[in-house]
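Just below is one structure, and these are the notes that go with it.
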Amino acid sequence: YSVPKAASTRALRAFFEGERYSRSGWTTFATSDVGGSGITVSDARLRVLALRSADQGRLLAWLEHRDATWARIARDGISPTPFTGTFTGPSLVSGVYRIEWWDTRAGTVLSTSQVNHPGGAMTVSLAAPLSSDVAVKIEKL
C-alpha cells in the first residue's frame with residue numbers, strides 16, 4: 001500500500017495548481033484527533049485537515065479514513081471498511097459554491113457539484129464511501 005513519490009507529488013501539484021495558498025491569511029482547521037479544532041465529523045473514523053482563505057470563501061481539505069494506515073493495510077492485510085458521512089467546517093460567507101472531490105493519488109477531479117450556502121458553518125456529505133483518503137476544494141463562485 002503505497003503511492004510512488006513522483007505520483008503523489010504530481011497529484012499534490014495538480015490539486016494546488018492555481019491556488020494562492022502561500023499568501024498570508026489562510027487559517028488551519030482540523031479534527032480534534034490531530035489536535036485541531038473547527039471541524040466536526042459524523043463518524044469518528046473521518047479525519048479532516050483544512051485551510052480556509054482569508055476572505056472565508058474557499059476551503060481546501062484532505063479527508064482521511066483513520067483506519068487506512070500502512071500498518072493495517074500492508075503489514076496486517078486489513079482493508080478499512082468504507083463508510084459515508086459528513087463533516088462540518090468553519091464558517092464560510094454566503095453564496096453559491098462549487099465542491100470538487102479529488103483523487104489524491106491520480107490528482108484528478110472525481111466529481112463536482114454546486115450548493116447554495118446561506119453562510120456560516122457548512123456541512124458537506126462525502127461524495128462516495130471513503131476507504132482511504134480524498135481531497136476537496138470548496139470555492140465560492
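The values are calculated or read from the model by the stated rules, or taken from the named source; none is laboratory data. Since this is a predicted model, take the numbers as computed values, not measurements. Please note: Cβ atoms are built from the backbone with ideal geometry, for glycine as well, and neighbour counts cover all protein chains shown. Keep in mind that these areas ignore ligands, DNA and RNA; they rest on the heavy atoms of the full protein, side chains included. Shrake-Rupley method; radii C 1.70, N 1.55, O 1.52, S 1.80 Å.
Annotations
- Yes/no for Leu51 being open to solvent by less than 30 Å² (accessible area, probe 1.4 Å) and in a strand (DSSP E or B): no
- Lone unmet requirement of (1) farther than 18 Å from Ala135 by Cβ; (2) within 13 Å of the chain's Cα centre (by Cα) for His65: (1)
- In the range 12-40, the residues that are open to solvent by less than 80 Å² (accessible area, probe 1.4 Å), among the aliphatic types (A, V, I, L, M) and more than 12 Å from the chain's Cα centre (by Cα): Ala14, Val34
- Which numbered condition Arg75 fails, given (1) of a type in the set (D, E, K, R); (2) under 19 Å from Glu19 (Cα atoms); (3) over 17 Å from the mean Cα position of the chain (by Cα): (2)
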